[in-house]
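See structure below.
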Amino acid sequence: MSEIDQINEITHQYRRSLEQFATRTGSPTQTIEQRGSGEEREKIARMDADLTAAEQLIQMRAENAALKAKLDEPQFRAQTTRQSAGEDRDSAEYAARWLKAVARGDQAELRALSLASSNAGIPTDMERRIVEKLQQSNVLRSMCPVSTIDSKRTITVEGSLPTTDLVAEAGSITPADPTFATAISVVPYKYVCATTMSQEFIEDAIGQGGIGTGLDWVAGRIGLSMGLKMEQAYSIGSGSSQPEGCVGSSMQSKLANLSQVTDLGANAITTVTADNVIDTAPEYRTGARYSWFVHDTFIKVIRKLKANNEYIWTPVGLNNAQGLVQGVPGLIYGVPYRVGKYVPTATTNNNVFALIGNFDYFEIFDRTGMTSMVDPYSAASTHEVTLYTYARTDSRITLANAFAAITC
């Protein structure tokens, strides 16, 4: 029997008991607690308790259902400050209105479509295409953790563990608390890509079906341009007014202080030896994101290393050579490698030629969402519109101890 049926049954019995009391005594039903028999009063009290319990159970089930529905919602959602009916970024209506606003240069319409305090949010379908292209053109995004944040962040880094020691019977130990060494501030920096399109191109894109046609190509170009610019900062950024790079001067300085560099002594990258590679790789090399990060030039130098006039970077089993790799030339000293376009190669003091480490400790932080702004006026004389696309991101070295490098 359901709770509703139970309540209906209790209510029915309640009414029957009251009617029987009124028939027997001729008194109003509300006087049953004063004039009813002991059995009648006990029965009414029991039905009151059952009715209250059933109502509480129904209320609890409703609250549990509401809580479950809330917990089932996505935990990470773009933060919006204003959004009304018909402005869902996933909808075809939003995409069509956004396209038409770009075509007409209608700033009022773009403001109406805006999900933030300024600019117009890019329709989800186009934003998804941009993000896909970013992944394709940005090597480090596939190597590092990428987190989405909605404001500035401060990350605390552990400095030391509490004390553990072996003690004799009745021995003592001096306790020590775990400490925190540094606090890392994450400040998403703004990147903007300016794309100029002719009015004819925009109108034709809409006429051919909208968001998935001509503008797909535009989205690809925007994604490639922004991805390469971000990759440059993720690689060699100074960390001051821009993201911190994993092979830039900041990383070199930190690793030098930790004595975790193999310095070539101002010699060129072409002087790298197998000994340099072996000396640089730490004894422990674990983790899904443990990798070398190098330039194509470094790979070429390593590939040309020879012993007894034979290349030492050779697949196992070829001419009985064991080499620097295990299996195929996809590993350097047993560690996979990834090639970065912006890893330094110039013979400049303190340049990082090769980095090895656990890239779980180099993290990229993206500010939630992208925005756009249309300028229909600057190029109006040539019947063109400029689309500005904005994205905010930062990258930080969270634990330099997890890395080692070959430097100039």
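A short reminder: the numbers here are calculations on the coordinates, not readings from a lab. The model shown is predicted, which means the values in this text are computed figures rather than measured ones. Note: ideal-geometry Cβ built from the backbone for every residue, glycine included; neighbour counts use all protein chains shown.
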>> Please compare each pair in LYS229/LYS254; LYS190/LYS341; LYS190/LYS300; LYS43/LYS68; LYS152/LYS254; LYS68/LYS190 to a cut-off of 26 Å on the Cα-Cα distance and tell me which ones are over it.
In response: LYS190/LYS300; LYS43/LYS68; LYS68/LYS190
> What FRET efficiency, computed as 1/(1 + (r/R0)^6) with R0 = 45 Å and r the Cβ-Cβ distance, is obtained for GLU200 and ASN64, rounded to the nearest 0.05?
Replying inline: 0.20
> Extension gain ALA268-SER253, at 0.36 nm per residue separation less the Cα-Cα distance, in nm?
Replying inline: 3.5 nm
> How many percent of all Cα-Cα pairs in the range 1-44 sit more than 17 Å apart?
Replying inline: 33
> R0 = 56 Å: FRET efficiency of LEU57 with SER147, Cβ-based, nearest 0.05?
Replying inline: 0.85
>> Starting from 0.36 nm per residue, how many nanometres of slack lie between ASP375 and ARG15 once their C-alpha separation is accounted for?
In response: 122.2 nm
> Nearest 0.05, what FRET efficiency do GLU93 and HIS383 give at R0 = 25 Å with Cβ-Cβ as r?
Replying inline: 0.35
> Once you have the alpha carbon radius of gyration of the range 338-408, what is it after dividing by 2.2 N^0.38 Å, with N set to its residue count?
Replying inline: 1.78
> What order do you get for 22-32, 237-247 when each peptide is scored by the mean count of other beta carbon atoms within 10 Å, highest first?
Replying inline: 237-247, 22-32
> Between ILE184 and residues 5 or more places away or on another chain, which pairs have amide H atoms under 5 Å apart, with H built 1.01 Å from N, and which residues are they?
Replying inline: ILE155, THR156, VAL157
> What residues qualify as long-range amide H neighbours of ARG392, i.e. H under 5 Å apart, gap of 5 or more or another chain, H built at 1.01 Å from N?
Replying inline: TYR191, ARG367
> Taking other Cβ within 10 Å of each residue's Cβ, how do PHE21, PHE180 sort, fewest first?
Replying inline: PHE180, PHE21
